[in-house]
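> Have a look at this one before I ask anything.
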Amino acid sequence: MKSSSTTKLSPEKEIGAMTVAGIMSGTSADGIDIALVRIALLRNSPIHFPRMELLSHVAVPYPAGVRKRILQMMDADNASVAEMSQLHWRLGQLYADAVKLALKQYPVRLDLIGCHGQTIYHQGVARQFLGAPVACTWQMGEASVIAAELGVPVVSDFRPADLALGGQGAPLVPLLDYVAFHHPTRNRVLQNLGGIANLTVIPAGASQQEIFAFDTGPANMVIDALITECFGRKYDAQGMTAKRGRVLESAVELYLRGRFFQTHPPKSAGREQFGREFSGRFLADCRKQSKRPEDAVATATALTARSIGRAWKDFVSPSLGNISTDYIVAGGGARNRTLMEGIRRELESSGKISIKTSDECGMPTAAKEAMAFALLAYQTWHRRPGNVPRATGATRAAILGRITHA
Ligand SMILES: Nc1ncnc2c1ncn2[C@@H]1O[C@H](COP(=O)(O)OP(=O)(O)O)[C@@H](O)[C@H]1O
Ligand SMILES: [Mg+2]
């Protein structure tokens, strides 16, 4: 089931071809994904539909000290302004280095870069601040450093334009999901398992305006936090620790009753909902029932799987009718076997659904989000919108981001 949108482009049919590097760092703060992508519009397509070809993907882990500082800053109640500024510039350097590494491995002339940056704070829903409701978002990584180092224009800060139109500024991957996976006769659900779990729903034959998307809750964020706290490791490789543990059912039930899981989409989440404070409470509640840390990890893994099952039942499947659905999973969590088994158990009982990884569909799981920001940069460069208003809640489609010229 290779996606036709990621197959080789033929030059005679395309216009506006560019080679674009997408730079992505997610809420896991595990590192930097670089996707080198060739993007073009199809000449005969009435809406000039973009087509993409993934040339290469490189994953560069953050140095341990950098990751630690990012996590501290995300959770800090009061971080120093000097340090924030320093980190913003240091990340710009690291992003530039990561693109250079990708180009060393796959030499190609770049035309454009799209850099998501590292989210340090995201508050998609307005809260009262200094006399007015304020929603805000902040991605770090100075684009001028990347543009200067690579000699290529950089599009960055994709989220604010959507937020300014009343959207949640997230998720922004739905455009890529639509371009790469829409299908005339099959429903497609694209589930990403990063720090946060988000999904895009593309009903069979849907237009771009008919798709919707939302965050279902944590994917790896709580699992990672418990593994680090209890075992001193970064993540639960292949889900082996969760596999050894016993799920504490009453804790899963208790947390599933939380407000985020009940809220109707559109909705987005981050460390503000499922960060250090949440994980601390979750671990304390698990410890009341079991002293075995692997039980807490198994319970956090079950919470992710169950919340995905719940989202499917409450918010997704009612709008899909009786047509077969391909449920396509991407992101680092696709490598967690215990989590994947849990998701299978949750979803497969509901009938006409087939679960695959995006690897199996011709798009490497780890490259997908970086490809999305290459596509969004391409859109912006051509003054085309990048958000899907039904996914973010924005009042209209918007051209996203800021352009820094080299
Ligand atoms: N081999 C693996 N086994 C289990 N989990 C993994 C594995 N590789 C990565 N992960 C999980 O995926 C996360 C990173 O996924 P990623 O898609 O990069 O998320 P984000 O977009 O939030 O950075 C890691 O923090 C870890 O929890
Ligand atoms: Mg990542």
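> When the stretch 343-362 is examined, which residues are found to be open to solvent by less than 10 Å² (accessible area, probe 1.4 Å) and away from ligand 2 (no atom under 16 Å from the Cβ)?
ILE343, LEU347, CYS361
> With the structure loaded, tell me whether GLY275 is modelled with pLDDT under 95 and closer than 19 Å to GLY195 by Cα or whether it fails that test.
yes
> Name the pairs: first residue in the stretch 324-337 and more than 7 Å from ligand 1 (Cβ to nearest atom) and open to solvent by 10 Å² or more (accessible area, probe 1.4 Å), second residue part of a helix (DSSP H, G or I) and not basic (Lys, Arg), Cβ to Cβ under 7 Å, at least 6 apart or on different chains?
Listed by first residue and then by second, the contacts come to ALA334/MET340; ARG337/GLN238; ARG337/GLY239.
> Please count how many residues of the stretch 313-342 are out of contact with any helix residue (DSSP H, G or I) (no Cβ under 7 Å at 6 or more places or on another chain), part of a helix (DSSP H, G or I) and within 16 Å of ligand 2 (Cβ to nearest atom).
Residues flagged as out of contact with any helix residue (DSSP H, G or I) (no Cβ under 7 Å at 6 or more places or on another chain), part of a helix (DSSP H, G or I) and within 16 Å of ligand 2 (Cβ to nearest atom) within the stretch 313-342 amount to 1.
> How many residues are closer than 16 Å to ALA147 by Cα, more than 16 Å from ligand 1 (Cβ to nearest atom) and either touching a Phe, Trp or Tyr at 6+ places or on another chain (Cβ under 7 Å) or open to solvent by 20 Å² or more (accessible area, probe 1.4 Å) (or both) if we restrict to the stretch 12-28?
The total comes to 1.
> Checking the conditions here, which among TYR378, TYR327 is aromatic (Phe, Trp, Tyr), over 27 Å from ARG38 (Cβ atoms) and in contact with a strand residue (DSSP E or B) (Cβ under 7 Å, 6 or more places away or on another chain)?
After applying the criteria, what remains is TYR327.
> Now a separate question. Could you say whether any residue in the stretch 306-316 is surrounded by fewer than 22 Cβ atoms within 10 Å (Cβ to Cβ) and either under 16 Å from ARG244 (Cβ atoms) or within 14 Å of ligand 1 (Cβ to nearest atom) (or both)?
Among the residues of the stretch 306-316, not one is surrounded by fewer than 22 Cβ atoms within 10 Å (Cβ to Cβ) and either under 16 Å from ARG244 (Cβ atoms) or within 14 Å of ligand 1 (Cβ to nearest atom) (or both), which makes the answer no.
> Going through the stretch 344-365 one residue at a time, which ones are touching a residue at least 40 places away in the same chain (Cβ under 8 Å) and within 14 Å of ILE328 (Cβ to Cβ)?
Across the stretch 344-365, the qualifying residues are LYS356, SER358, GLU360, CYS361, GLY362, MET363, PRO364.
> Out of all the residues in the stretch 352-368, is one or more in contact with a strand residue (DSSP E or B) (Cβ under 7 Å, 6 or more places away or on another chain), at pLDDT below 95, of a type in the set (D, E, K, R) and under 30 Å from ALA96 (Cα atoms)?
yes
> How many of the residues making up the stretch 261-297 are polar (S, T, N, Q), surrounded by fewer than 15 Cβ atoms within 10 Å (Cβ to Cβ) and in a helix (DSSP H, G or I)?
Counting residues in the stretch 261-297 that are polar (S, T, N, Q), surrounded by fewer than 15 Cβ atoms within 10 Å (Cβ to Cβ) and in a helix (DSSP H, G or I) gives 1.
> Of all residues in the stretch 391-406, which are assigned to a loop (DSSP other than H, G, I, E, B) and either at pLDDT below 95 or in contact with a Cys (Cβ under 6 Å, 6 or more places away or on another chain) (or both)?
Within the stretch 391-406, GLY393, ALA406 qualify.
> Turning to a different aspect of this structure: Scan the stretch 167-176 and give yes if some residue there is surrounded by 22 or more Cβ atoms within 10 Å (Cβ to Cβ), farther than 28 Å from ALA76 by Cα, aliphatic (A, V, I, L, M) and touching a Lys or Arg at 6+ places or on another chain (Cβ under 9 Å), otherwise no.
Yes: one or more hits.
> So which residues in the stretch 29-40 are within 25 Å of ARG69 (Cβ to Cβ) and surrounded by fewer than 24 Cβ atoms within 10 Å (Cβ to Cβ)?
ALA29, ASP30, GLY31
> Suppose we filter the stretch 127-152 for residues that are open to solvent by 50 Å² or more (accessible area, probe 1.4 Å) and in contact with a Pro (Cβ under 8 Å, 6 or more places away or on another chain); how many remain?
Summing the residues that are open to solvent by 50 Å² or more (accessible area, probe 1.4 Å) and in contact with a Pro (Cβ under 8 Å, 6 or more places away or on another chain) in the stretch 127-152 gives 1.
To keep it simple, each residue is scored yes or no on (1) closer than 22 Å to VAL173 by Cα; (2) modelled with pLDDT under 95; (3) among the β-branched types (Val, Ile, Thr).
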| residue | (1), (2), (3) |
| --- | --- |
| ILE32 | yes, no, yes |
| LEU41 | yes, yes, no |
| ALA76 | no, yes, no |
| ALA79 | no, yes, no |
| SER85 | no, no, no |
| GLN93 | no, no, no |
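> Right, here's the next one. Give the number of residues within the stretch 363-382 that are assigned to a loop (DSSP other than H, G, I, E, B) and open to solvent by less than 10 Å² (accessible area, probe 1.4 Å).
Here the count works out to 2.
The values are calculated or read from the model by the stated rules, or taken from the named source; none is laboratory data. What you are looking at is a predicted structure, and each value in this text was computed from that prediction instead of being measured. Cβ sites come from the backbone with ideal geometry, for glycine too, and all protein chains shown count toward neighbours. What goes into the accessible areas is simple: the full protein's heavy atoms, side chains included, and nothing from ligands, DNA or RNA. Shrake-Rupley method; radii C 1.70, N 1.55, O 1.52, S 1.80 Å.
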